[in-house]
Each structure stands twice: as C-alpha cells, then as structure tokens.
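J.: Dumping the structure here so I can ask a few things about it.
The values are calculated or read from the model by the stated rules, or taken from the named source; none is laboratory data. All values reported here derive from a predicted model rather than from experimental measurement. Heads up, the Cβs are rebuilt from the backbone with ideal geometry, glycines too, and the neighbour counts pull from every protein chain shown. Ligands, DNA and RNA are stripped out before the accessible areas are found, and what is left, the full protein with its side chains, is counted by its heavy atoms. Shrake-Rupley method; radii C 1.70, N 1.55, O 1.52, S 1.80 Å.
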Amino acid sequence: MAASSRAQVLRLYRALLRESQRFSSYNYRTYAIRRIRDAFRENKNLTDSEKIEELLNKAKANLEVIQRQV
C-alpha cells in the first residue's frame, strides 16, 4: 500500500472513532467503536487497490451516516 493510501486510511479510521465517541448512548457508542475496529482489523492485510478503494468509499459513507446521527 502506498504511503498516501495508508495515511488516508488511518485518517479515516481516526475520524470514524472520533465521531463514534460523540454518541450519547453508551450502547450505540461501544457498538460503533467495536464494529469500526473489527472491520479495519479484518481488512488490514488487503493488497488489492480496487478492493481498498471500495472499502474506503464505504467507510466514508458510514462516516457521513455517523455524523448525521450524532
């Protein structure tokens, strides 16, 4: 993975975690954080750039959903 892609993924990961911390409900907050961590750990060894790009777009969409719900 290129350094810029890695930085982009890490930035998105941190943004997702940061926004999830803003859920007022403990259950929603812990569920969201657990799902984010599990998804990123599950896909950390991907090398297919097309699949990585697809997952990044999905994560960006999820970030927007979290931002609307918070």
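J.: Using the alpha-carbon atoms, what tilt in degrees (0 to 90, nearest 10) does helix 49-69 show relative to the longest principal axis of the chain?
T.: Around 20 degrees separate the two axes.
J.: Hey, another quick one. So what's the Cα pair-distance distribution over the chain, bin width 10 Å, in %?
T.: 19, 53, 23, 5
J.: Turning to a different aspect of this structure: Counting only heavy atoms of protein chains, what accessible area per residue, in Å², does segment 18-69 have with a probe of 1.4 Å?
T.: Working: 4300 Å² over 52 residues.
Per residue, segment 18-69 has 83 Å² of solvent-accessible surface.
J.: Now for a different question. Among Ser49, Ile36, Gln69, pick out the residue whose Cα is farthest towards the positive end of the charge dipole of segment 18-69, where Lys and Arg carry +1 and Asp and Glu carry -1 on C-beta, about the Cα centre.
T.: Farthest towards the positive pole: Gln69.
J.: Roughly how many nanometres apart are two label points built 7 Å out from the Cα toward the Cβ at Lys58 and Arg29?
T.: Those two pseudo-labels are separated by 2.7 nm.
J.: Share of the chain's accessible area from carbon and sulfur, percent, 1.4 Å? Working shown, then result.
T.: Working: 2530 of 5500 Å².
C and S atoms contribute 46 percent here.
J.: Counting each DSSP H run of 4 or more residues in the chain as -39500 (n - 2.57), what helix-only mean residue ellipticity at 222 nm follows after dividing by all residues, to the nearest 500 deg cm²/dmol?
T.: When only DSSP H runs of four or more count, the value is -27000 deg cm²/dmol.
J.: Roughly speaking, what is the stretch gain from Arg14 to Arg37, that is 0.36 nm per residue apart minus the C-alpha to C-alpha distance, in nm to one decimal?
T.: 7.3 nm is the gain from fully extending Arg14 to Arg37.
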